[in-house]
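Here's the structure we're looking at; comments come further down.
The values are calculated or read from the model by the stated rules, or taken from the named source; none is laboratory data. All values derive from a computational prediction rather than experimental measurement. No Cβ is skipped: glycine too gets one built from the backbone with ideal geometry, and neighbour counts run over all protein chains shown. For the accessible areas, the whole protein counts, side chains as well, though only heavy atoms, and no ligand, DNA or RNA atoms are used. Shrake-Rupley method; radii C 1.70, N 1.55, O 1.52, S 1.80 Å.
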Amino acid sequence: MRLNRKVTILAAAAAFAGSLPSAALAATEVEWWHAMGGKLGEKVNEIAEGFNASQSDYKLTPVYKGNYTETMTAAIAAFRANQQPHIVQVFEVGTASMMGAKGAIKPVYQLMAEAGEPFDPAAYLSSVTGYYTDTDGNMLSMPFNSSTPVLYYNKDAFAKAGLDPNAPPATWPEVEETARKLQAAGYACGFTTGWQSWVQLENFSAWHNVPFATQANGFGGIDTELAFNSPLHVKHVSTLAGWQQEKIFDYGGRRSDSAPKFYNQECGMYMNSSAAYAGVKANAKDFEFGVGSLPYWPDAGAPQNSIIGGATLWVLGGHDDAEYKGVARFFSYLSSAEVQAEWHQATGYLPITHAAAKLTKEQGFYEANPGTDVAIMQMTGNEPTQNSKGLRLGNFVQIRDVINEELEAIWAGDKTAQQGLDDAVNRGNALLRRFEKTVN
């Protein structure tokens, strides 16, 4: 069952406040800029209210600054004007840019040590923290809303097509076979995907333990080059392009624009973020759905681990020690099992600690909501490798735009998979060289 929101916040606040000294002076202000709108923004506000209720030394103020790109851009501009917030939420593709901003950030491991806050990196999911650590394993930012792609499928459609509604396809050949049976049962398309670069190239690479880029996907240095035009990548994209012609696969847009195809039962399967769970549950009102793991090509070996999307919390430089102590105290609160379990259960984002995942299981949430643990199993089934730790590439926001353009040309039949991926790699490498010049 899901934790009662108000009870969770009050309980966490009370437990957290028990060991804290009472404040003698006015609360120290801490500002948090974020990119969570709508229901997610409401959850962010609840977390802030819970922290503020847990103690009286600090007052945390969350401020919505628009989408991820807008929030990051605003923070950079504010830092240059010496008006930066204490905390800013930055999406994972902005990691390299934040690391390259010399003097602009205060590493989380340093923050927690200086503030004297208990901090054990081993308490966090390694497949999450690996994205945000330096070469020595030090955590640079605090994981917050991390997700990974999964396979959603229409159980009613499976039953109608004579398929086992409790057995989603595990391999890409099985996806094709399943899709054809769904079409024979009257469904227009077999499957669609959200965030095509993230799901079908970035996570595809990690899941199959092949490099997306050289230099350990950018973790080993900024002189990296893209590598997603390998024979396995070309085979996969070429297969999808062929399926596109038969509507076994049906492209629906760069972000989550394809979701209505699944909600309206046009497509029987849908690959997107684990954090899309709440949206799927709210919109799939006319059918029962299930959650399965990402498919893999069996001739490429067993799956490795998927990688995350979402965002992390960076601490900006230029503030005094008293304010940083407040930031560190908030990060301890945010990492507590109760707060993380509630966030995970309410949103579909991963819990960032092992304790939160354990608590969620003990509370019976996974049993009551089958499939909600798939993301965690995908992320923690194997220790990450250099190919599956994540991506740390400069100018990656622009590189994703390039990838989207080239994939769309492939889906339209204007380019072969080899041509499109080669062009994406060459154009992307030019952006990497441009980034390299800015940090050298």
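Hey, which of these cross-link pairs are over 26 Å Cα-Cα: 65/325; 160/247; 281/415; 106/389? Before the final figure, lay out the partial values.
Details: 65/325 24 Å; 160/247 19 Å; 281/415 37 Å; 106/389 23 Å.
Table pairs above 26 Å Cα-Cα are 281/415.
Give me the percent relative contact order of the chain, please, defined on Cα pairs under 8 angstrom at least 6 residues apart.
The normalised contact order for the chain reaches 25 percent.
Is it possible to state the helix-based mean residue ellipticity at 222 nm for the chain, with each DSSP H run of 4+ residues giving -39500 (n - 2.57), the sum divided by total residues, to the nearest 500 deg cm²/dmol? What is it?
Working: 20 runs with 199 residues, N = 440.
Result for the chain: -13500 deg cm²/dmol, rounded to the nearest 500.
Using a 1.4 Å probe, what is the accessible area per residue for the chain, in Å²? All intermediate terms of the calculation are to be shown ahead of the outcome.
Details: 17420 Å² over 440 residues.
That works out to 40 Å² per residue.
For the chain, which whole-number percentage of the solvent-accessible area (1.4 Å probe, protein heavy atoms only) is attributable to carbon and sulfur atoms? Could you put the intermediate results ahead of the total?
Details: 8890 of 17420 Å².
So the carbon and sulfur contribution to the accessible surface is 51 percent.
Between residue 167 and residue 255, take the C-beta separation as r, use R0 = 35 Å, and let me know the FRET efficiency to the nearest 0.05.
Details: r = 29 Å, r/R0 = 0.84.
For R0 = 35 Å, the calculated efficiency reads 0.75.
Could you tell me how far the Cα centroid of the stretch 65-86 sits from the Cα centroid of the stretch 398-415, in Å?
Taking the Cα centre of each part, the stretch 398-415 and the stretch 65-86 sit 30 Å apart.
How high is the FRET efficiency from residue 437 to residue 278, r the C-beta distance, R0 51 Å, rounded to 0.05?
So, using R0 = 51 Å, E works out to roughly 0.75.
Report the calculated FRET efficiency for residue 53 and residue 363 (r = Cβ-Cβ distance, R0 = 25 Å), to the nearest 0.05. Write down the numbers at each step before the final one.
Working: r = 22 Å, r/R0 = 0.88.
My answer for the efficiency is 0.70.
Just to check I understand the Karplus step: with θ = phi - 60° and J = 6.51 cos²θ - 1.76 cosθ + 1.60, what whole-Hz values come out for the stretch 134-139, glycine and proline as x?
8, 5, 9, x, 7, 6
Not counting ligands, DNA or RNA, and with a 1.4 Å probe, what is residue 423's accessible surface area in Å² rounded to the nearest 10?
50 Å²
For a 31 Å ceiling on Cα separation, which of these pairs sit above it: 235/361; 261/437; 181/358; 39/261?
On the way: 235/361 39 Å; 261/437 43 Å; 181/358 38 Å; 39/261 23 Å.
From 235/361; 261/437; 181/358; 39/261, over 31 Å: 235/361; 261/437; 181/358.
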